[in-house]
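To keep things clear, I will list the structure first and then write my remarks on it.
Bear in mind that the values in this text are calculations on the coordinates, not laboratory data. Being a predicted model, the structure only gives us computed values, none of them experimental. Glycine also receives a Cβ, built like all others from the backbone with ideal geometry; neighbour counts cover every protein chain displayed.
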Amino acid sequence: MNLSPRFAPPAELAPLTPEYDPWDPIRSLQRFGRHALTSVEFTVTHLCNMRCEHCAVGDSLTMTELPHLPMELILRRLDEVENLETISLTGGEPTFRLETVRDILVPLLKYARSRGIRSQLNSNVTLDYARYEMLAPYLDVMHISFNYTEAADFHAVGFARTGRNVGSAATARMYERMMENARRLADDGVFVSAESMINYRTHEKMNEIHRMIVEMGCRRHEVHPMYPSSFASGLPVITREQMMDAIHSLLDSRDKDLWMLFGTLPFFACGRDDKELALVRRLGSEPNVTVRGDPDGRNRVNVNLFSGDVYVTDFAAIPPFGNIKSEKLGDVFAKWQEHPMQKMVACHCPSAGCCGPNLLVKDMYFKDVDFTRRHSLI
Ligand code: SF4
């Protein structure tokens with residue numbers, strides 16, 4: 001263990017803990033009595049060195065891209081968001097081009113740090129450590145995907161859809177570098193949060209995946225079910241029962257010192273099924289376990305840094321509903337709050353700490369359910 005980590009966050013910033021998760025929309029809902037824009041996610045690239053089969057934005061990945069919008073405009077739009085608490089930087093692989101690291105990511109992270117705004121970078125951390133060293137001094141959360149127990153899994157998940165023949169020896173080296181980078185970042189004091197998806201490949205391996213995440217020194221294990229939408233729409237689905245079993249098994253075997261964050265679950269305190277309610281109760285009572293509400297469209301919007309288009313989510317299945325070239329983010333967010341799709345999932349049960357399902361979850365499992373008429377049974 002490194003006793004004086006190089007990239008430990010400044011002492012004046014509140015540590016990120018199960019009690020303090022500024023990305024969770026329930027916090028701003030409780031504070032303002034309505035959903036408020038406290039979080040902005042930027043899509044900073046459509047380039048990536050991988051092609052994960054489950055990728056939420058796989059259809060929009062490209063081989064070349066246009067220049068970014070001017071930084072002056074981006075920062076002005078952030079200045080205008082009065083209650084901004086967090087930013088997230090996503091792609092593609094945000095660190096794929098050194099120019100993006102230098103000209104976009106570093107300035108955005110420095111801006112956020114200067115305002116006390118917390119930041120997250122979504123990266124596959126498979127590139128040179130030097131890139132992550134440029135970002136780490138200003139970064140709060142390095143968010144990685146980890147769905148593997150061995151290099152063969154990484155190859156199958158990450159390269160099956162590259163459209164070219166990528167050799168397993170090359171991907172095995174990337175796999176080792178990813179784990180080494182994650183370990184080094186954690187050892188250097190960066191909060192590394194590893195996300196795993198529960199899906200047809202992983203649902204029986206989650207305990208082993210969790211153990212490897214603990215071994216890498218990650219500070220949080222984030223778990224979401226995989227929803228096969230858009231690019232991933234051809235993938236097999238598992239049943240809700242299989243999902244419940246995987247979660248119970250993880251809760252039984254997990255390292256209880258590690259924060260586990262569950263998100264976009266299709267299980268609610270208003271559920272009609274006893275097993276579902278038992279799982280919701282269990283998740284609510286386990287120490288060091290949180291269930292985060294879905295930020296998309298509740299406290300967060302996504303901004304494409306090339307076109308300026310503003311989306312409710314980076315999934316891009318819902319068309320843009322504004323553009324930062326001509327509109328303030330707060331105004332675009334206000335428009336979304338009036339949108340029928342947002343109103344459809346705009347329920348809130350304070351006793352359950354719940355503010356409704358994610359739109360994909362609603363579409364997949366609860367097409368005919370009117371959540372605005374349901375109430376927590378807990
Ligand atoms: S907030 Fe909505 S989804 Fe959550 S328990 Fe209440 S009615 Fe159900």
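What to note about this one:
- Taking 285, 28, 123 as the candidate residues, the one with maximal mean-square fluctuation in a Gaussian network model of the chain, Cα springs under 10 Å, is 285.
- Placed amide H near residue 259: partners under 5 Å, 5+ positions off or other chain: 221
- Taking the DSSP beta bridges with both ends in the chain, the antiparallel portion is around 10 percent.
- Amide H contacts of residue 354: 349, each under 5 Å away and 5 or more positions distant or on a separate chain (H built 1.01 Å from N in the peptide plane; Pro and chain starts excluded).
- Sorting 210, 46, 375 from the fewest to the most surrounding beta carbons within 10 angstrom yields 375, 46, 210.
- Measuring between their Cα centroids, segment 122-150 and segment 260-299 lie 27 Å from each other.
- Check: segment 143-239 dipole with +1 on Lys, Arg Cβ and -1 on Asp, Glu Cβ, in debye: 240
- Length-normalised contact order for segment 25-373 - Cα pairs under 8 Å, 6+ apart - percent: 19
- Once backbone amide H atoms are built at 1.01 Å from N, residue 85 has 39 as its partners under 5 Å, excluding neighbours fewer than 5 places away on the same chain.
- Among 120, 337, 30, the residue with the largest mean-square fluctuation in a Gaussian network model of the chain, with springs joining Cα atoms closer than 10 Å, is 30.
- Rounded to the nearest 500, the 222 nm mean residue ellipticity of the chain from helices alone is -9500 deg cm²/dmol, with -39,500 (n - 2.57) taken per DSSP H run of at least 4 residues.
- Neighbour-limited loop hits for trypsin sites (Lys or Arg not before Pro), segment 341-378 (at most 16 other Cβ within 10 Å; DSSP other than H, G, I, E, B): 367
- Between 192, 310, 157, the residue with the greatest mean-square fluctuation in the GNM of the chain (Cα pairs under 10 Å linked by springs) is 157.
- Segment 337-362 versus segment 1-49: alpha-carbon centroid distance in Å: 21
- Spatially proximal lysines relative to residue 335 (Cα-Cα < 29 Å; intrachain offsets below 8 disregarded): 325, 343, 362, 367
- Most positive-pole-ward Cα, 20, 351, 46, against dipole of the chain from beta carbon charges: 351
- Sequence of 129, 138 once ranked by neighbouring C-beta atoms within 10 Å, starting from the fewest: 129, 138
- Residues 148, 20, sorted so that the one with the fewest Cβ neighbours within 10 Å comes first: 20, 148
- Farthest toward the positive end of the dipole of the chain, out of 29, 192, 147, is the Cα of 29, where the dipole comes from beta carbon charges about the Cα centre.
- The magnitude of the dipole of segment 22-115, with charges of +1 and -1 set on the Cβ of Lys/Arg and Asp/Glu and taken from the Cα centre, is near 320 debye.
- Three-way shape label, the chain, alpha-carbon gyration tensor, a/c 1.5: rounded
- Segment 150-201 shape via C-alpha gyration tensor axes, a/c threshold 1.5: oblate
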